[in-house]
1. When residues of the stretch 77-111 are filtered for being in contact with a strand residue (DSSP E or B) (Cβ under 6 Å, 6 or more places away or on another chain), within 15 Å of residue 48 (Cα to Cα) and assigned to a loop (DSSP other than H, G, I, E, B), how many remain?
2. What tally of residues in the stretch 91-119 results from selecting those that are at pLDDT below 85, over 14 Å from the mean Cα position of the chain (by Cα) and closer than 20 Å to residue 77 by Cβ?
3. Would the stretch 58-80 turn up any residue that is free of Cβ contacts under 8 Å to residues at least 24 places away in the same chain and over 19 Å from residue 9 (Cβ atoms)?
4. Considering only residues of the stretch 1-47 that are touching a helix residue (DSSP H, G or I) at 6+ places or on another chain (Cβ under 9 Å) and surrounded by 12 or more Cβ atoms within 10 Å (Cβ to Cβ), which is modelled with the highest pLDDT?
């Protein structure tokens, strides 16, 4: 079975704190960093495609991340699967699509669980994973062998 996304990574309150931390740490390190005022809005879950990737994901491959604008030129992204946060130039974002309702990551379906202080939290709601055929075959062969022994015991 494939791994599911951690509940901590599905919580937008945690993602908002990570995004703020990345923005603030960069501002401390580079006080003249060209970040306009950070928009007070919360992070939003989006399906993002980047032309330059700060994460382990391949360039051009869409992935889910919480996004928070840091002025006109920068966007803080928190990867949904790994929980890593990075500040990305807005020009490096090829496309961004808001996530409404359900979404799927690695064959596992997620949906909106609830909102806390206006921030959504998500949960696992289903899976497309199928049991492994090899394991099913072993179980059936074992059952057949047990039934054969039981049948032989009573027919002798």
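1. So the count comes out to 2.
2. 2
3. Looking for residues that are free of Cβ contacts under 8 Å to residues at least 24 places away in the same chain and over 19 Å from residue 9 (Cβ atoms), one finds at least one in the stretch 58-80, hence yes.
4. Among those that are touching a helix residue (DSSP H, G or I) at 6+ places or on another chain (Cβ under 9 Å) and surrounded by 12 or more Cβ atoms within 10 Å (Cβ to Cβ), it is 45.
The values are calculated or read from the model by the stated rules, or taken from the named source; none is laboratory data. Just so it is clear, the model here is predicted, and its values are computed rather than measured. Cβ atoms come from the backbone with ideal geometry, glycine included; neighbour counts cover every protein chain shown.
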